[in-house]
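Inspection log for the structure reproduced underneath, given as structure tokens.
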Amino acid sequence: MKLSWLPNVITTIRILLVIPLSWMLLEHNFGWALLLVFIAGASDALDGFLAKHYNWVSVLGSVLDPIADKLLLVVTFLSLGYLALVPTWLVVAVLGRDIIIVTGAVAYYVVIGRYEMAPSLVSKLNTLMQISLVLSIILSQVVDFPKWWMIEIGWWVVLSTTIASGVHYVLVWGRNAWRHHKS
């Protein structure tokens with residue numbers, strides 16, 4: 001029996017976890033929210049492992065996986081921002097970067113055509129920092145660690161990696177568009 005559909009089902013479940021995660025955060029059920037974040041993280045690792053290890057890679061999966069990751073982070077940042085656990089300026093920076101990247105990708109596709117967009121190293125670092133910050137904030141609501149000053153440092157680290165990642169994407173894809181235009 002071939003289970004090549006399994007990674008996409010796991011990714012879809014991760015997308016569906018966004019709703020209860022946001023609900024738990026907004027209801028101040030931080031213990032449950034923390035559990036859901038860990039489940040989402042584990043499901044991301046599991047679907048990636050299955051897709052790569054068994055070569056169950058699909059076009060649908062390559063689209064769903066980053067959507068699941070972005071949706072989870074965006075909704076979590078919006079929820080934490082609403083609760084004043086993340087400053088508004090950081091929520092705006094995180095959302096702004098994603099809007100710029102999606103707008104640029106759509107424009108590139110419309111003007112130039114198909115492309116393969118792989119996450120850059122700085123983008124992976126940014127995602128790691130965002131996830132770490134989210135986990136730290138939720139964890140700090142459950143136990144008395146990390147300390148709030150550590151989380152504030154996390155805000156600035158996430159802002160730095162968000163800006164660096166956004167600038168990197170604009171430069172790389174702008175250069176690709178320019179090369180295509182010249183040829």
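Where a number appears in this text, it was derived from the coordinates with a stated rule and is not lab data. A quick note: this is a predicted structure, and the numbers were derived from the prediction, not measured. Every residue, glycine as well, gets a Cβ built from its backbone with ideal geometry; the counts of neighbours run over all protein chains shown.
Worth pointing out:
- Residue-count net charge about Asn126 - beta-carbon cut-off 12 Å; Lys, Arg +1, Asp, Glu -1: +1
- Shown in residue order for the range 135-146 are the 3J(HN,Hα) couplings computed by the Karplus curve 6.51 cos²θ - 1.76 cosθ + 1.60 at θ = phi - 60°: 4, 4, 5, 5, 4, 5, 7, 9, 10, 8, 7, x Hz (x for Gly and Pro).
- Prolate is the label for the range 85-183. Its Cα gyration tensor axes, ordered a ≥ b ≥ c, give a/c of at least 1.5 and a/b above b/c.
- Sequence-distant lysines (8 or more away, or on other chains) whose Cα lies within less than 22 Å of Lys52: Lys2, Lys70, Lys124
- By other beta-carbon atoms within 10 Å, ranking Arg114, Arg179, Arg14 with the fewest at the front produces Arg114, Arg179, Arg14.
- The chain: C-alpha gyration tensor shape, a/c 1.5 cut-off, then a/b vs b/c: oblate
- Distance from the range 136-183 to the range 1-49 (C-alpha centre basis), Å: 22
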